[in-house]
Every structure is written in C-alpha cells, then in structure tokens.
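Read-outs throughout are calculated quantities, based only on the coordinates presented, and are distinct from any laboratory measurement. Nothing here was measured: the structure is a model prediction, and the numbers come from that model. Heads up, the Cβs are rebuilt from the backbone with ideal geometry, glycines too, and the neighbour counts pull from every protein chain shown.
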Amino acid sequence: MNQTVLITGASHGIGRAIATAFAKAGNQLIITCHHSKAALLAFQKELEDTFHIDVLASIGDIGDYAYVERLFDEVSARFGGVDILINNAAISHIGLLSDMSIGEWNRILHTNLTSVFSTSRLFSPYMVQQKRGKIINISSVWGEVGASCEVAYSACKGGVNAFTKALAKELAPSNVQVNAVACGIIDTRMNSCFSEEERQLLAEEIPAGRFGTPDEVASFVLSLAVGNDYLTGQVIALDGGWT
C-alpha cells in the first residue's frame, strides 16, 4: 500500500493488531497512546525492526484538542499528511448511570467521541486536497443497541456511528470514504473485567460461539482501507452474528 496511516490507541489490543496488519502491508505509521509509553515505544521498535518501515510514536491524550494539534503539526512536517485515519482509542465504564459522576461522564466522552472529532477535523483536509483517503472508526454494537450498565460507552459509540454517517456525506464528493466497524465482544484487555463464568455465558449468546480476536478486526479494517471506494457512510457489525 505504501501509505501513511494514523492509528489511535495502538499500544494494546485492537489498535496494536491494526498497526501490525498495516505495517505488514508496507505502510508508514503514526501510532498513539495515552498512558502506556513504554509499551508503545517498544512496539514502535518492533514494527521498525520487523517490517523496515517508518513509525512515529506519540504519547498524549487523544481527546485533548491541543494535543491533537501538536500531533498534526508533527505528522505534517514528517509525512505531509495522513492517507488513512483509524480512530480506535477508547475507554469503557461499567456501572449504573445513577452512580456515575459528571467527571467520569466527561472523561469517557472526551476520549471516545471528542477524539474522533479532533482527528477528523485536523487530518481530513489533507485527504480532501489529495482527492483520496479513508477514515475508519472503531465502534461497538452497543452504539446500535445499547448496553445496561454501559450507558455512557453506548452513548459515545452511538455518537461515533452518527458522526460516521454524517461526515461520509460531507467528504464523499472529495473521494474520501468514512466507515465504522461496530465490534461485538473482542478478546481484549477491555473485556478482562469478566469472570471465566461470565465469559462462557457471553460466548454462548454469540452464534459463532466465541469472542472475536483483535487480528480479525485488523484484517477487516485493512480490507476496508484497500477496498471499494463506493462504500462509505456504513456502520458494519463484526460480531459473530450476535446482533
């Protein structure tokens, strides 16, 4: 592919798998995370040594617009712009809405939804100028159907889905595609809160009989990035037939 790809939240789980898939395909990467500096820098070196590509690792709060502006300046100076933007960074919050503080609400909104605005706002003009580009947002089935005790997370992902559909309409005339992947239960650190019994019960609810893997999400995201340019404004469920 030989394109420049920005992946947010890339130190672990789905983001790490996506970065590996795009590196293997020959792209230069920008990878970010907020708290896992050592893991991200080690991953940067692994990607560079294994695939012999250029990788920029950046540590910061992707929900902070000022940080994204600094990242944009650094990326522009080094690469010119971004051809593919993958908004993956997200946090979860499990608990009753009545027990949730306004600070917790603002934090999850900031990380899961404002970040998508910030990166899309700053990096899409280059794509428009080039008359090509892809924005792929990692969403959740909870953004479509909602989840008890995950009201804030569901609301954020519902916002991501609506954002995806609306921005796709704005950017389609410039040959820039915007799509979202609504993941079901993927076997990542985010879902480590479940006990083994709970994991088994959840797996039994999924027609495929198991959780998805980060590598399966990564391969699907890669296919969207290289696929049909007429596909845009879609929220595509990757959930083993669960919803």
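General remarks:
- Gaussian network model of the chain, springs between alpha carbon atoms under 10 Å - residue of ILE186, ILE86, ILE206 with greatest fluctuation: ILE206
- Debye, to nearest 20: dipole size of segment 1-141, +1 on Lys, Arg Cβ, -1 on Asp, Glu Cβ: 360 debye
- Candidates VAL128, VAL217, VAL141: whichever shows maximal mean-square fluctuation once the chain is modelled as a Gaussian network with Cα springs under 10 Å: VAL128
- Cα gyration tensor shape of the chain, rounded if a/c is under 1.5, else prolate or oblate by comparing a/b with b/c: rounded
- Simple label model, 7 Å out from Cα along Cβ direction - ARG70 to LEU231, nm: 3.7 nm
- From its DSSP helices (H runs of at least four residues, each -39,500 (n - 2.57)), the chain gives a residue-normalised ellipticity at 222 nm of -15000 deg cm²/dmol.
- Point-charge dipole on Cβ atoms (K/R +1, D/E -1) for segment 153-243, about Cα centre, debye to 20: 420 debye
- Segment 137-236, relative contact order [Cα under 8 Å, separation at least 6], %: 35 percent
- Electrostatic dipole magnitude of the chain [Cβ: Lys, Arg +1; Asp, Glu -1; Cα centre; debye, to 20]: 720 debye
- Cβ-based charge dipole, the chain, positive-most Cα from ASN88, TYR153, CYS183: ASN88
- Candidates ALA180, ALA89, ALA17, ranked by Gaussian network fluctuation over the chain, Cα under 10 Å, top entry: ALA17
- Farthest toward positive dipole pole in the chain [+1 Lys/Arg, -1 Asp/Glu at C-beta], among VAL235, PHE79, CYS33: PHE79
- Projecting the Cα positions of ALA203, THR164, ASN106 onto the charge dipole of segment 91-243 (unit charges on Cβ atoms of Lys, Arg, Asp and Glu, taken about the Cα centre) puts THR164 furthest along the positive direction.
- Simple spin-label estimate for ALA25 and ARG189 gives 2.5 nm between the two label positions (7 Å along the Cα-to-Cβ direction from each Cα).
- Charge sum, other residues only, whose C-beta stays under 12 Å from ALA152's C-beta, Lys/Arg counted +1 and Asp/Glu -1: -1
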